[in-house]
Structure formats: C-alpha cells, structure tokens
Amino acid sequence: MNPSPLSLLQLGLLSGITIAEDLKLPDPLADASGKPAESAEAWEREVRPLALEKFREHVYGRNPVGKPGDLKWTRQVLEVAGVKDQVIEGHVTFSGPGGAGKIRVLMVIPAAAKGPVPLFLLINNRGPELADLTKPNGFWPALEITRRGFATAIFQVADIDPDKSEGFKDGVHAIFDTAPRGPDAWGTIAAWAWGASRVIDALEKEPTLDARRIAVVGHSRGGKTALWCGAQDPRVALVVSNNSGCTGAALSRRKQGEQLADINRNFPHWFCENYKRYNGKEETLPVDQHQLVGLIAPRLAYVASAADDAWADPEGEFLSCVHAGPVYRLHGKTGLEAGTMPKPGGKLHAGSIGYHLRPGKHDLTLTDWQHFMDFANRHWR
Ligand code: GCU
C-alpha cells in the first residue's frame, strides 16, 4: 500500500496531535448541547439516541417498521451429502400492507456441539451459489467455521430487497412503504440491516444457538449493512465489517477512495435522499463513520481492510476504529489496542475493537474469517 501524502500526514498525527483537529470530526461523545458525556450512563441516555437519529435522518433513512407482529420462523433439517454437521434450512416470513415477504436462511451447526454455540451470521450480497455446502468457498467457509466450534448461517440480501434502483417498488419497500417516501425514508442498505435483525428474531429462539454470542458479518455493501444493523440492534454481540469502505467503516471526511458523490451516483437506492445533499460536502455531514463504530460500544466490533483496496480507503477504515475509541473507553473498555495502523498481514485483537489489514484485494476470504474467529475466541471464551 502506498499511502497518499495526505494520509501519511494523518497517520503521523496519530502519534501526537489528534486527527480530529485535522479532519474536524464530530465528537462521538458530544450531546445535543455539544458537551461531552461524562459517564457511560449519560452517553447511553443523551448521545446514543441522538447519534442514531442523525444516521437515520441524513444517511441510511428511517425504517417504517420494526419486528412485524406476524413474523414466523419455520425450519427443517436437511441432509447434505458429505456433511456431518446439522444443516437447517428455514424461512422467516412476515407481511405488511403491501404483501408478504420471505427470507431463506441456511444454517450449519457443528456436529460436536455440546451446549449452545455462538453464531456467525453472514449477510450474503453475492450469489446464492456461495451457500452451496458441497462447493467450499472462502466467502462463506461454513464447514471451516463449524470445525472451529461456531454455528454459522447465511441469507441473501435479495430476499429482502433486490439490489437495484427501480424506485423502491419491490422487496420490503413494496410491503411496508405506504405513505409517499420522504427524504429520510429507508434505502436498500437500511432494508438489508432490518432484514438481518429479522433473521436474528428467528434464530435467537433456536435452542442450539447461544443468543448472547451472535456475530453479524458483511463484506463491502454487506459490511455497511452489518455496521448499521449492529449500531441499532443490541442483540448483535460482535459486528464484523469486511472491506466496507464508503458509508461503512471509512471516514467520509477524508474523501479518499470512493466518495459520497460516487456512491450516491452509482447506487442511488442505497441511502436516503437527504444523503445526496452532502455530495462533495462531506465536511458538512452531521455525523462521520467513527460514530457508527462507536454506536456498537460496549459490544465487540471488528473492522477488516485489504491492503490493495484503495476504493474502500483502508486507512479511513482504520481511523474510524481509532476515533470510536473514546466511546469504548467511557464504557470502561479498550477500543483498539493501539493507534498505529498495522502493516499488511498485521492485526490488532486485544481490545474490544479488532482490526486487521489483509494483503491483497477487495474480497472476503478464509484468511479474514480465521481472524474473525480468533478474535471471537479471544473475547468470548
Ligand atoms: C462498489 C461500491 C462499494 C461497495 C462495493 C461492493 O465498489 O462502490 O461501495 O462496497 O461495490 O459491495 O462490493
């Protein structure tokens, strides 16, 4: 990785002067009057709701619905040739004013499981073939995850909302958007995050799973989704963002790699309409992405970058973790264990925020998963 002069300057600042002065990041501890909260209780009461509101209003949009009253989970055990672990296929169903929805979930539970096991839930933004257990792959290495003693589950984002800009006529938007859509109406990323929480509604009742140790994992657009899901849903004990980049873990104010004008032009359906007002004016955003990581506190957060993934701004992803630190410290936790970015191949696993920089390109690989599981083992066992 060849850091740009600007990022070198910012990384240099980490050792001494704080980068917040340089980028003028919003203070993640500040309440409505601008004063920093002085205790975790004050932060939870005064700052968390305010920060969530700002992300809803200006970035991801507001969900019109929480858990639908008629949500159901039906499941069956599947026999998969060559797989000794227990494989469960289930469907989360629900309905709203505009019709009914269904999310298919495939789950694998280690054959050797003796008590409730922790779960890694993957938000799959790639093809459904990755959920084929007879064709091992690094994006969802299901049998490697169960070999290490974790259960794992996967669902397709398209079951919640197809990833296309068609005027919000399909997916859960068609089911739940009754009134005309306002400038703060939920976009597709918010819809996927909502869907991940509905999958948790279903899985938290599974007796073989430990509902207190649920990790939600997402790559890239799925990583943006995992962060927004975990920021809002306290049942997520570990949020894993892999190469999530712009409007994921990367700081928007750095304007490195993908910027707001790029993402809003290429993916106009991902965020709310209000977000487009900040195209090219990142410095006027009422929030920045370190506050999103901070909203996961005091739970575990993990951010993974890839060294050759300049579009996702690895340094910006790392710096969000650094600047979420004050929220963790207020809660009596160490955020990142160190403020210096690891070299490619390096990792920081000791604090409640974990980070690694994998050599190579934008992807979710077995190497990334091994880090996620190492981190979970270190903090959960
Ligand atoms: C595009 C997009 C990114 C996104 C990525 C992905 O590159 O610009 O914001 O993270 O797709 O989801 O793979």
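The values are calculated or read from the model by the stated rules, or taken from the named source; none is laboratory data. Bear in mind that the values here come from a model prediction, so they are computed numbers and not experimental data. Note that we place each Cβ from the backbone using ideal geometry, even for glycine, and neighbour counts take in every protein chain shown. Just so you know, the surface numbers come from the protein's heavy atoms only, side chains and all, with ligands and any DNA or RNA stripped out. Shrake-Rupley method; radii C 1.70, N 1.55, O 1.52, S 1.80 Å.
A few comments on the model shown:
- Of all the residues in region 195-223, those that are free of Cβ contacts under 8 Å to residues at least 60 places away in the same chain and open to solvent by less than 10 Å² (accessible area, probe 1.4 Å) number 1.
- Residue selected from region 115-152 under the condition among the basic types (Lys, Arg) and in a loop (DSSP other than H, G, I, E, B), by the criterion nearest to the ligand (Cβ to nearest atom): Arg126
- Out of Ala306, Ala297, sole residue that is within 18 Å of the chain's Cα centre (by Cα) and either open to solvent by 10 Å² or more (accessible area, probe 1.4 Å) or within 16 Å of the ligand (Cβ to nearest atom) (or both): Ala306
- Residue match in region 88-105 (condition: among the polar types (S, T, N, Q), in a strand (DSSP E or B), open to solvent by 40 Å² or more (accessible area, probe 1.4 Å) and at pLDDT 95 or above): yes
- Residue that is modelled with the lowest pLDDT [pool: residues in region 332-344 that are open to solvent by 50 Å² or more (accessible area, probe 1.4 Å) and of a type outside the set (Asp, Glu)]: Thr340
- Residues in region 183-194 that are surrounded by 24 or more Cβ atoms within 10 Å (Cβ to Cβ) and more than 16 Å from the ligand (Cβ to nearest atom): Trp186, Trp194.
- Of residues in region 228-245 being in contact (Cβ under 8 Å) with a residue 60 or more places away in the chain and open to solvent by 10 Å² or more (accessible area, probe 1.4 Å), the one nearest to the ligand (Cβ to nearest atom): Gln232
- Any chance Glu89 is acidic (Asp, Glu), without any contact (Cβ under 8 Å) to a residue 12 or more places away in the chain and more than 22 Å from Cys272 (Cβ to Cβ): no
- Phe271 meets each of the listed conditions (1) over 24 Å from Asp368 (Cβ atoms); (2) without any contact (Cβ under 8 Å) to a residue 60 or more places away in the chain; (3) within 13 Å of the ligand (Cβ to nearest atom) apart from (2).
- Residue within region 261-268 that is aromatic (Phe, Trp, Tyr) and open to solvent by less than 40 Å² (accessible area, probe 1.4 Å) present: no
- Within region 53-67, the set of residues being touching a residue at least 40 places away in the same chain (Cβ under 8 Å) and either among the charged types (D, E, K, R) or buried (at least 18 other Cβ atoms within 10 Å of the Cβ) (or both) comprises Lys54, Phe55, Arg56, Glu57, His58, Val59, Tyr60, Gly61, Arg62, Pro64, Lys67.
- Residues (assigned to a helix (DSSP H, G or I) and either acidic (Asp, Glu) or open to solvent by 10 Å² or more (accessible area, probe 1.4 Å) (or both)) located in region 315-331: Glu315, Glu317, Val322, His323, Pro326, Arg329, Leu330
- Positions within region 274-285 being open to solvent by 40 Å² or more (accessible area, probe 1.4 Å) and more than 16 Å from the ligand (Cβ to nearest atom), in sequence order: Arg277, Gly280, Lys281, Glu283, Thr284
- Considering region 350-370, and only residues there that are within 16 Å of the ligand (Cβ to nearest atom) and either in a loop (DSSP other than H, G, I, E, B) or basic (Lys, Arg) (or both), the residue that is nearest to Val217 (Cα to Cα) turns out to be Leu364.
- The listed residue being within 16 Å of the ligand (Cβ to nearest atom), among the acidic types (Asp, Glu) and either modelled with pLDDT under 95 or assigned to a helix (DSSP H, G or I) (or both), out of Asp262, Asp201: Asp262
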